[in-house]
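Asker: First the structure, then my questions, so here it is.
The values are calculated or read from the model by the stated rules, or taken from the named source; none is laboratory data. Computed from a predicted structure; not experimentally measured. Methodologically, a virtual Cβ is constructed for each residue, glycine included, from the backbone with ideal geometry; neighbour enumeration extends over all protein chains shown. Side chains are part of the model used for accessible areas, which takes the heavy atoms of the whole protein and leaves out ligands, DNA and RNA. Shrake-Rupley method; radii C 1.70, N 1.55, O 1.52, S 1.80 Å.
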Amino acid sequence: MPTMRSPRLLQTAEGQKSLESNEGAKRFIVWMIFAVFIVLADQGTKWAIIRWVPLYGDVPLNGFINLTHQQNTGAAFSFLAGAGGWQRWFFVVLATVVSAVLVVWLWRIRASDLMVLSAGLTLVLGGALGNLVDRIRLGYVTDFIQVWFGSWAFPSFNVADSAITVGAALLIIDSLFLSGKEKAAPPEEAPPE
């Protein structure tokens, strides 16, 4: 017969640690669901573009944003796009390793209140996985958002790229202004002479 734990156990250090562990696991699951949502939003928008916008076609939304349909075999800004094919598997391995590191990092900070850091890591994870799905499935990443500044077009991007960019910005903000600051002791004053 299983033993029942008394409510008094929750007042002990073991009980408190168990509650914190459960809360941390729930928080981790929420972040993973958010990452999956990013992947689904990315893949859904790419599916729509592939289906309804001809390759290299564009659909003006206003005076400075077009929907377009482009295939990017390289990395950001088409870096290594003409490298001959090896870059596909290089980026698949790189994205897989980075994604695994991000999942482990999120697991390790699951019990902390580092919301900006966790949100940044999750956005980068979701974006990396979204583009990883494209590379494995298609051999390239579908880009479709094109922003114009006068006669100059910013390189086309997608939902995954946007998530990675916002996530990276949050990681920078966190590293500069938030993480580690809560533990820093105030500077000591010099003793009077």
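Asker: Within segment 146-162, work out how many residues are touching a residue at least 40 places away in the same chain (Cβ under 8 Å), assigned to a strand (DSSP E or B) and crowded, with 20+ Cβ neighbours inside 10 Å.
Answerer: Residues meeting the conditions: 1.
Asker: Sort through ARG108, ARG137 and tell me the only one that's open to solvent by 20 Å² or more (accessible area, probe 1.4 Å), among the charged types (D, E, K, R) and under 30 Å from GLY180 (Cα atoms).
Answerer: Result of the check over ARG108, ARG137: ARG108.
Asker: On the phi > 0 side of the Ramachandran plot, part of a helix (DSSP H, G or I) and either surrounded by fewer than 16 Cβ atoms within 10 Å (Cβ to Cβ) or at pLDDT 95 or above (or both): does that describe PHE77?
Answerer: yes
Asker: Which condition breaks for GLY180 when tested against (1) open to solvent by 30 Å² or more (accessible area, probe 1.4 Å); (2) within 19 Å of PHE37 (Cα to Cα)?
Answerer: Failing condition for GLY180: (2).
Asker: Go through the residues of segment 163-172 one by one and say whether even a single one is at pLDDT 95 or above, under 11 Å from the mean Cα position of the chain (by Cα), closer than 22 Å to TYR56 by Cβ and surrounded by 14 or more Cβ atoms within 10 Å (Cβ to Cβ).
Answerer: So far as segment 163-172 goes, no, none of its residues is at pLDDT 95 or above, under 11 Å from the mean Cα position of the chain (by Cα), closer than 22 Å to TYR56 by Cβ and surrounded by 14 or more Cβ atoms within 10 Å (Cβ to Cβ).
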